[in-house]
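Student: Dropping the structure in here first, questions after.
The values are calculated or read from the model by the stated rules, or taken from the named source; none is laboratory data. Just so it is clear, the structure is predicted and the values come from calculations on it, not from any experiment. Quick reminder, even Gly has a Cβ in these numbers, built from the backbone with ideal geometry, and neighbours come from all protein chains shown.
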């Protein structure tokens, strides 16, 4: 029996209260053509495939296991994907994992992944990077409609990214009257 392995990802989700409309900062992926193909969208689709600032955790991130720190991994990944932005954390810890199991029988590939997100207050103006073409503030309505923006992966808003974004909108909705929870648009 093959051992199940999982990839691990950490993501920081910033929100802006745009006169009552909550908007979360996302990344427009650089590999749009490939992602449209995976999502089974027409090649000429104008929908932009998005994900969230953050990224995968590697063993190299923890040279000293006693000093392992997912927050430091998130800081590095967030800065890489946003072109140098930084953030302040709004909670003491990450969310519980959002898990995707692929039931992959190929022992050379992960059997799934675990992703953790954290609400943050973002500072700085994001710039395009080799991982993100743009960084729009997206509303929950835009995500639900999937006509302008669509979450990465074949499942769209029902997939891991969509589920994390939905949870983040719930978090920020619960704190909508507390201005310290919201980023200021660049």
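Student: Only residues in the range 156-170 that are at negative phi and touching a residue at least 24 places away in the same chain (Cβ under 8 Å) count as the first member; pair them with residues that are part of a helix (DSSP H, G or I) and crowded, with 19+ Cβ neighbours inside 10 Å, Cβ under 9 angstrom, at least 6 apart or cross-chain, and list the lot.
Tutor: Close Cβ pairs satisfying both conditions: 165/140; 165/143; 166/140; 166/143; 169/140; 169/143.
Student: Give me a count of the residues in the range 21-44 that are touching a residue at least 24 places away in the same chain (Cβ under 8 Å) and at negative phi. It would help to see each step written out before you state the result.
Tutor: Let us first name the residues in the range 21-44 that are touching a residue at least 24 places away in the same chain (Cβ under 8 Å), namely 21-30, 32, 35, 38-41.
Filter once more, so that each one left must be at negative phi: 21-30, 32, 35, 38-39, 41.
The total comes to 15.
Student: For the range 5-51, which residues satisfy the criterion of being outside any helix (DSSP H, G or I) and over 26 Å from residue 116 (Cβ atoms)?
Tutor: The first filter runs over the range 5-51 and keeps only residues outside any helix (DSSP H, G or I), leaving 5-31, 39-51.
Result: 18, 19, 20, 21, 40, 41, 42, 43, 44, 45, 46, 47.
Student: Next up: From the set of residues in the range 168-186 that are outside any loop (DSSP other than H, G, I, E, B) and at pLDDT below 95, which is nearest to residue 90 (Cα to Cα)? Break it down into steps so the answer makes sense when it comes.
Tutor: As a first pass, look at the range 168-186 and keep what is outside any loop (DSSP other than H, G, I, E, B): 168-174, 179-181.
Filter once more, so that each one left must be at pLDDT below 95: 179-181.
Numbers: 179: 12, 180: 9, 181: 7 Å.
Per the stated criteria, the residue is 181.
Student: Can you name the number of the only condition in (1) touching a helix residue (DSSP H, G or I) at 6+ places or on another chain (Cβ under 9 Å); (2) modelled with pLDDT of 95 or more; (3) exposed (fewer than 14 other Cβ atoms within 10 Å of the Cβ); (4) not in a loop (DSSP other than H, G, I, E, B) that residue 99 fails?
Tutor: Exception for residue 99: condition (2).
Student: Which residues, taken from the range 114-149, are assigned to a loop (DSSP other than H, G, I, E, B) and within 11 Å of residue 52 (Cα to Cα)? Spell out the reasoning first.
Tutor: First, the residues of the range 114-149 that are assigned to a loop (DSSP other than H, G, I, E, B): 124-131, 135-136, 146-148.
Residues satisfying the conditions are 131, 135, 136.
Student: Return the residue satisfying two criteria in turn: it lies in the range 113-148 and is closer than 16 Å to residue 10 by Cβ and surrounded by fewer than 21 Cβ atoms within 10 Å (Cβ to Cβ), and of such residues it is modelled with the lowest pLDDT.
Tutor: Selected residue: 113.
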